[in-house]
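Student: If you scroll down you'll find the structure; I have some questions about it.
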Amino acid sequence: MPEYKISLPQLMIVTAMFTIGSGILLVPSGMASIAKQDAWIAALIGVLFGFITLSVQMLLARMYPEKNLTQICEALLGKWVGKAVGFVFLVTFFLCGPTTVLQEIGTFVTIQMMPETPIEAIIILFGVIVALGSRLGLEVLTRSTELMFPWVLFLFTAMTLLLLSEVKLEQALPILEFGAAPLFPAGLSFASVVFFPHIILLMIYPASANHPEQAHKAVYIGTLIGSIMLVIIVALTILVLGPNITAESIYPSYLLAQKINIGNFLQRIEAVMAIMWFISLFFRISLYLYMIVAGLSQIFGIKNSQALMLPTGWIMVTMAVFIYPNVAYRQSWDAKVWIPFTLVIGVLLPLLLLGLHGIRKLRSRKSA
């Protein structure tokens, strides 16, 4: 793929869309099941956890502004060990990132919109579009994100304003009924979905930014925009639907959009939520696929990474069909495995690399 330098506004928008991702439909349910009516407080705590983690990732990126994540691994761990760690990282992220998100799209459409359509058809259709979009490269993806992001903001703002008449403040009472204990695991759950996967973005920044020294600011702002939108969604689901319905629903945000009713005329516009979700998920999966293929090409020394894009896309589609046998299995996996997995990948890995960087600096000073 030809090298393309992302502008800072583009990097900010790409980060915002990646942050929103699948969280706009999936986050509220998990938060409410743990923290009940205090889910909005837990979401704010999750934002704090997430920005601490993001600062660690940013510190690593600023130390190696001209390298992507797999190149940083090689620089700190050595050529072969670094390549092995980078390969394992990309493969595990491939299985737990674009593959699972693509499966979530198929599950959502077949449950909520087209129950008689085979899930395989939805996954194949969306997967082919994603693979073709990723094959066009980073420039096309970032410019497309610039075009679509204002529409996402418009739809989100319109939905939020239209739901204000349905807000019932008593749904959030009593505050801290179960104490502060549930807030921290719920906040960790929020950060694991919204923030920890940002480690994969080190594949494109700051090395692909046209101003690498200022890339961290764009990433912070984009992440803040996306996380604020998700906190608002969590708060609205609690205030409109209530904690019980939110916790029991697979897609409470979709139910939230169904509650819009202005004068018995403007109603049943839940497609607004679905459109926002499809747009954010398209760019999230496309970026995942692009970054994973770019990393594999760098590890194996393949100059034309476009040749890997379609085969990797077909593997993604195939795995998405079989990766979860049913919805209950997916929910169990998310509850028991997802948080530890993202902690290792998104927190412990950058901390390990930073520790190795510090040890190397100390050794170089002593030898000098």
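Student: What figure in square angstrom, to the nearest 10, would you give for the accessible area of Val101 with a 1.4 Å probe?
Tutor: The accessible area comes out at roughly 10 Å².
Student: Shifting gears a bit: With the Cα gyration tensor of region 269-316 giving a ≥ b ≥ c as the square roots of its eigenvalues, does the rule (a/c under 1.5 for rounded; else a/b larger than b/c for prolate; else oblate) give rounded, prolate or oblate? Could the numbers behind the result be given before it?
Tutor: Details: a/c = 4.69, a/b = 3.19, b/c = 1.47.
Verdict is prolate for region 269-316.
Student: Label-point separation (nm) for Asn304 and Phe154, each offset 7 Å from Cα along Cα-to-Cβ?
Tutor: 4.0 nm
Student: Sketch the reach of a paramagnetic label on Val337 as a point 7 Å from Cα along Cα-to-Cβ, and name the residues of region 15-59 whose backbone nitrogen lies under 20 Å away.
Tutor: 22-23, 26-27, 30
Student: Be a star and scan region 171-194 for residues whose amide nitrogen sits under 11 Å from the point 7 Å along the Cα-to-Cβ vector of Ile52.
Tutor: Flagged as within label range: 188.
Student: Which of Met291, Met113, Met148 ends up with the largest GNM mean-square fluctuation for the chain, with Cα atoms connected below 10 Å?
Tutor: Result for the chain, Cα springs under 10 Å: Met113 fluctuates most.
Student: Could you provide, to the nearest whole Å², the per residue accessible area of region 175-329 with probe 1.4 Å?
Tutor: Spelled out: the 1.4 Å probe surface of region 175-329, per residue, equals 38 Å².
Student: Another question, if that's okay. If the limit is 25 Å between Cα atoms, which of Lys83/Lys361; Lys217/Lys336; Lys36/Lys336 go over it?
Tutor: From Lys83/Lys361; Lys217/Lys336; Lys36/Lys336, over 25 Å: Lys217/Lys336.
Student: How large is the convex hull of the C-alpha atoms of the chain per residue, in Å³?
Tutor: 135 Å³
Student: With bins 5 Å wide starting at 0, give me the P(r) of region 35-189 over every alpha carbon pair, in whole percents.
Tutor: 2, 7, 8, 9, 14, 18, 16, 13, 8, 4, 1, 0
Student: Can I ask one more? At 1.4 Å probe size, with no ligands or nucleic acids counted, give the accessible surface of Ile292 in Å², nearest ten.
Tutor: Result for Ile292: roughly 0 Å² accessible.
Student: Net charge near Ile175, counting Lys/Arg +1 and Asp/Glu -1 over other residues with Cβ under 13 Å of its Cβ?
Tutor: Details: positive: Lys36; negative: Asp38, Glu170, Glu177.
With Lys, Arg at +1 and Asp, Glu at -1, the neighbours total -2.
Student: For Leu147 and Leu348, calculate 0.36 nm times their separation in residues minus their Cα-Cα distance, and state this gained length in nm to one decimal.
Tutor: Taking 0.36 nm per residue and subtracting the Cα distance, the gain is 68.8 nm.
Student: Name the residue, out of Ile175, Ile124, Ile279, whose mean-square fluctuation peaks in a Gaussian network model built on the chain with Cα pairs under 10 Å.
Tutor: Among Ile175, Ile124, Ile279, the largest GNM mean-square fluctuation belongs to Ile175.
Student: In the chain, with Lys and Arg counted as +1 and Asp and Glu as -1 at Cβ, which of these residues, Leu26, Leu54, Val140, has the Cα nearest the positive end of the dipole, that is, farthest along it?
Tutor: Leu54
Student: Another question about this same structure. Might you tell me the accessible area per residue for region 70-117, computed with a 1.4 Å probe and given in Å²?
Tutor: 39 Å²
Student: Give me log10 I(q)/I(0) at q = 0.12, 0.21 Å⁻¹ for region 107-229, Debye formula, one equal scatterer per alpha-carbon, no solvent.
Tutor: For region 107-229, the Cα-only Debye profile gives -0.82, -1.34.
Student: Heavy atoms only, probe 1.4 Å: what % of the accessible area of region 224-368 goes to carbon and sulfur, would you let me know?
Tutor: Summing carbon and sulfur atoms, their accessible area is 67 percent of the total for region 224-368.
Student: Continuing with the same structure: Whole-Hz Karplus ³J(HN,Hα) for region 61-74, in order, using 6.51 cos²θ - 1.76 cosθ + 1.60 and θ = phi - 60°, x for Gly and Pro?
Tutor: With the stated coefficients, region 61-74 comes to 5, 6, 6, 10, x, 9, 10, 8, 5, 5, 5, 5, 4, 5 Hz.
Student: A further question on this structure: State the extension gain, in nm to one decimal, for the chain segment bounded by Leu44 and Phe178, taking 0.36 nm per residue of separation less the distance between their alpha-carbons.
Tutor: That works out to 46.5 nm of additional length.
Student: With r as the distance between the Cβ atoms of Leu161 and Arg360 and R0 = 41 Å, compute the FRET efficiency 1/(1 + (r/R0)^6) and round to 0.05.
Tutor: With R0 = 41 Å, the Cβ-Cβ based efficiency is 0.20.
Student: From the Cα gyration tensor of region 56-122, with a ≥ b ≥ c the square roots of its eigenvalues, which class applies: rounded if a/c is under 1.5, or else prolate if a/b is larger than b/c, or else oblate?
Tutor: prolate
Student: Taking amide H positions as placed 1.01 Å from N in the peptide plane, with prolines and chain starts having none, which residues 5 or more places from Ile6, or on another chain, fall under 5 Å of its amide H?
Tutor: Ala209, Asn210
Student: Now for a different question. Between rounded, prolate and oblate, where does region 240-368 land on the alpha carbon gyration tensor, with a ≥ b ≥ c its root eigenvalues, rounded for a/c under 1.5, else prolate if a/b exceeds b/c?
Tutor: Here region 240-368 falls in the prolate category.
Student: Still on this model: Return the FRET efficiency for the residue pair Glu213, Ser367: r is the Cβ-Cβ distance, R0 is 25 Å, and the value is rounded to the nearest 0.05.
Tutor: Step by step, r from the Cβ atoms, then E = 0.30.
Student: At a probe size of 1.4 Å, how large is the accessible area of Trp338, to the nearest 10 Å²?
Tutor: Counting only protein heavy atoms, the figure is 40 Å².
The values are calculated or read from the model by the stated rules, or taken from the named source; none is laboratory data. These numbers come from a predicted model, not from an experiment. Neighbour counts are summed over all protein chains in view; Cβ atoms, including those assigned to glycine, are modelled from backbone coordinates with ideal geometry. Protein only, heavy atoms only, side chains kept; ligands, DNA and RNA dropped before computing areas. Shrake-Rupley method; radii C 1.70, N 1.55, O 1.52, S 1.80 Å.
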